[in-house]
Amino acid sequence: MTRYRSLLMTIAIGYFVWTLGFRIWESTFNNFAVEEIGVNAAQIGLVHAIREVPGLLGFLAGVLALALTEFRLAHLSLTLMGVGILLTAQVHGFPALVAAALLMSTGFHFFMPANSSLVLMTVGQEEAPRILGRLNSLSAAASVMGTLLIFGTLGRWGYRNLFQLAGAVVIACALLLLFFLSLIHISEPTRLLS
């Protein structure tokens with residue numbers, strides 16, 4: 001497998017896992033918060049308002065990119081998102097629920113710009129629309145898979161076990177992708193186009 005194809009595969013797997021983890025979290029979070037934690041509608045609104053703060057601070061991903069390569073930033077963000085999902089399974093009160101949601105959201109929002117930058121650096125501007133379209137198709141497949149996983153397991157496993165599984169899968173894939181990147185010696189992706 002060429003280095004180019006290896007990089008595209010890494011980007012695609014990261015994008016798939018990112019979407020899968022988020023869809024599972026997003027689809028079950030409100031019901032989990034009400035049924036397991038006992039929060040009310042105002043508290044749910046507050047959690048979602050707070051978890052959007054990293055989205056408003058998305059420019060910080062650009063600042064972090066000065067210290068980390070985009071590959072590292074993307075996969076560390078993916079790891080952070082997985083930790084947030086995993087910690088959601090351990091929550092038993094409202095403050096911890098907010099903290100877990102904020103952690104998940106930080107990873108989620110910082111992954112997006114890093115991953116888009118990776119696509120542009122890996123394939124260039126002419127090829128990027130086609131690759132981004134394929135990634136969106138992959139995202140749709142991940143959403144369907146997440147929905148099927150919820151329908152197939154939630155009744156037997158419960159919310160907490162589903163969050164544990166989703167968080168563990170996201171973390172494991174992110175760490176494996178970081179390890180894979182070290183094997184193909186990616187230190188400065190901007191050199192790909194030269």
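Given +1 at the Cβ of Lys and Arg, -1 at the Cβ of Asp and Glu and no other charges, the dipole of the chain around its Cα centre is 340 debye to the nearest 20. The simple spin-label model puts a point 7 Å past each Cα toward its Cβ; for Ile44 and Arg156 those points are separated by 2.8 nm. The residues of the chain present an accessible area of 49 Å² per residue when probed at 1.4 Å with all protein chains retained.
Sequentially through segment 163-169, phi angles give Karplus couplings (6.51, -1.76, 1.60; θ = phi - 60°) of 5, 4, 4, 4, x, 5, 5 Hz, Gly and Pro residues having no value and appearing as x.
Remark: spin-label model distance Tyr4-Phe94 equals 5.5 nm, labels positioned 7 Å along the Cα→Cβ axis.
Phi angles of segment 115-120 translate, via the Karplus equation with coefficients 6.51, -1.76, 1.60 and θ = phi - 60°, into HN-Hα couplings of 5, 4, 5, 4, 4, 4 Hz per residue; Gly and Pro are given as x.
Take every Cα pair under 8 Å in segment 44-144 that's 6+ residues apart, average their separations, divide by the length, and report that relative contact order as a whole percent. Normalised by residue count, the contact order of segment 44-144 is 34 percent. For the chain, carbon and sulfur atoms together expose 67% of the accessible surface, with a 1.4 angstrom probe and every protein chain in place. Structural descriptor for the chain: relative contact order 37 percent, calculated from alpha carbon pairs under 8 angstrom and at least 6 residues apart. State the answer as a single residue: which of Gly45, Ala100, Leu178 lies farthest towards the positive end of the charge dipole of the chain, with beta carbon charges of +1 for Lys and Arg and -1 for Asp and Glu, about the Cα centre. Sorting the options by dipole projection puts first Leu178. Compared with the dominant principal axis of the Cα atoms in the chain, helix 70-88 is inclined by about 10°.
Using a Gaussian network model of the chain with C-alpha springs under 10 Å, which one of Arg72, Arg23, Arg130 is most mobile by mean-square fluctuation? Checking each option, the largest mean-square fluctuation is seen for Arg130. For the listed peptides 99-106, 137-144, a ranking on the average number of other beta carbons within 10 Å per residue, highest first, reads 99-106, 137-144. In degrees between 0 and 90, to the nearest 10, how far off the longest principal axis of the chain does helix 3-32 point, with axes built from Cα atoms? Computed tilt is about 10 degrees. Using only the alpha-carbon atoms, how far is helix 41-51 inclined from the longest principal axis of the chain? Give it as 0 to 90 degrees, nearest 10. It works out to around 20 degrees. Counted over the chain with a bin width of 10 Å, the fraction of Cα pairs per bin, in whole percents, is 9, 35, 34, 16, 5, 0.
The values are calculated or read from the model by the stated rules, or taken from the named source; none is laboratory data. Worth saying up front: this structure is predicted, and the values here are computed from it rather than measured. Reconstructed Cβ throughout: ideal geometry from the backbone, glycine too, with neighbour counts over all protein chains shown. Accessible surface is based on the protein model in full, side chains and every heavy atom, while ligands, DNA and RNA are left aside. Shrake-Rupley method; radii C 1.70, N 1.55, O 1.52, S 1.80 Å.
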